[in-house]
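This report refers to the structure that appears directly beneath it.
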Protein chains: 2
Amino acid sequence: MSLTNAEETLMQILWKKERAFMKDIIEAYPEPKPATTTIATLLKRMQDKDFVDYIQYGRSREYFPLVAKRDYFSKHVNGLIKNFFNNSATQFASFFTEETNLSKKELEALKKIINDQIKTK
Amino acid sequence: MSLTNAEETLMQILWKKERAFMKDIIEAYPEPKPATTTIATLLKRMQDKDFVDYIQYGRSREYFPLVAKRDYFSKHVNGLIKNFFNNSATQFASFFTEETNLSKKELEALKKIINDQIKTK
DNA sequence: TTTATTACTCTACATTTGTAGAATTAAAAA
DNA sequence: TTTTTAATTCTACAAATGTAGAGTAATAAA
């Protein structure tokens with residue numbers, strides 16, 4: 001199962017903080033801050049989905065992500081590739097470089113990355 | 001506004017077919033096929049969102065997408081980049097090449113694309 | 001022309017999602 | 001120790017989403 005928008009927003013906070021108590025989470029939200037019960041509900045749902053767990057410290061909990069951002073994201077991208085480019089990563093890559101308007105500098109950097117990748121094959 | 005999952009699935013069909021009558025759409029679905037009223041509802045919602053329009057031919061309609069797959073997808077990717085890589089396309093690209101397990105051949109192809117891109121800058 | 005078929009609109013309804021109040025509890029502050 | 005505050009759970013509820021039946025109209029087939 002996957003995260004809803006509200007859950008994903010919360011997840012971003014957890015990924016950034018690595019672990020956080022309720023108050024840290026609320027603090028991380030911009031105004032208007034959500035009610036703490038709202039966050040509690042989301043956290044519970046995310047626990048049910050096995051995206052989050054916590055350690056009990058005294059009376060409150062330190063929450064942390066069970067899923068690495070990288071992995072979560074990877075599934076995302078692969079889904080996109082599957083859906084929009086009938087599974088061709090190259091097609092996607094080509095689209096990507098054309099579309100995202102990278103600067104010359106960025107393109108050079110990317111080229112370097114690719115070169116390194118090629119060497120490992 | 002953006003498409004829901006069910007709508008996006010339908011949209012994929014329209015993108016592929018470019019335009020289609022109700023029966024073509026239903027046909028494109030795998031078993032178990034949705035009820036035609038289900039599709040009608042989705043189409044109407046998509047019209048409200050300005051994602052789809054149609055031409056009336058006699059008593060039925062030929063539907064077509066108002067939004068190019070490319071554009072729709074572009075927003076998607078840019079959203080991902082914004083959300084997961086604090087807006088750094090390079091960071092995303094790097095992640096992408098590492099994660100998607102491209103073959104040497106694909107990497108070479110990608111490198112070529114990038115080279116061409118660089119030349120135009 | 002009568003009948004069957006198809007597409008469309010309206011309405012409905014269960015589920016999921018976003019959001020939060022009320023009640024409870026425990027810890028922290030006074 | 002009494003009071004305040006913060007975190008949690010329960011419950012609720014409106015809006016969005018997925019899905020489709022009933023009714024209607026128009027066309028195609030008989």
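For this structure, a couple of remarks:
- For beta carbons closer than 7 Å, sequence separation of 6+ or different chains, a first residue in region A:1-19 that is within 13 Å of chain B (Cβ to nearest Cβ) and a second that is part of a loop (DSSP other than H, G, I, E, B), the qualifying pairs are A:Met1/A:Lys49; A:Leu3/A:Phe51; A:Met11/A:Leu3; A:Met11/A:Phe51.
- Count of region A:6-25 residues, restricted to those that are of a type in the set (Asp, Glu) and within 13 Å of DNA strand C (Cβ to nearest atom), is 2.
- Any hit, region A:29-41, residues being surrounded by 12 or more Cβ atoms within 10 Å (Cβ to Cβ), within 16 Å of DNA strand C (Cβ to nearest atom) and under 19 Å from the mean Cα position of the chain (by Cα): yes
- One residue stands out among those in region B:1-28 that are under 14 Å from B:Ala68 (Cα atoms) and more than 12 Å from DNA strand D (Cβ to nearest atom): the one that is surrounded by the most Cβ atoms within 10 Å (Cβ to Cβ), which is B:Leu14.
- Every residue from region A:47-79 that is away from every other protein chain (no Cβ under 14 Å), open to solvent by 70 Å² or more (accessible area, probe 1.4 Å) and of a type in the set (Asp, Glu): A:Asp48, A:Asp50
- Residue within region B:86-106 that is crowded, with 16+ Cβ neighbours inside 10 Å, at pLDDT 90 or above and either at the interface with chain A (Cβ under 7 Å from one of its Cβ atoms) or not in a strand (DSSP E or B) (or both) present: no
- Residues located in region A:107-121, provided they are facing another protein chain (nearest Cβ under 7 Å) and not in a helix (DSSP H, G or I): A:Lys121
- Qualifying residue in region A:63-85 (condition: β-branched (Val, Ile, Thr) and either in contact with a Gly (Cβ under 6 Å, 6 or more places away or on another chain) or at pLDDT 95 or above (or both)): yes
The values are calculated or read from the model by the stated rules, or taken from the named source; none is laboratory data. These numbers were taken from a predicted model, which means no experiment stands behind them. With ideal geometry, Cβ positions are generated from the backbone for all residues, glycine too; neighbour counts draw on all protein chains shown. Accessible surface is based on the protein model in full, side chains and every heavy atom, while ligands, DNA and RNA are left aside. Shrake-Rupley method; radii C 1.70, N 1.55, O 1.52, S 1.80 Å.
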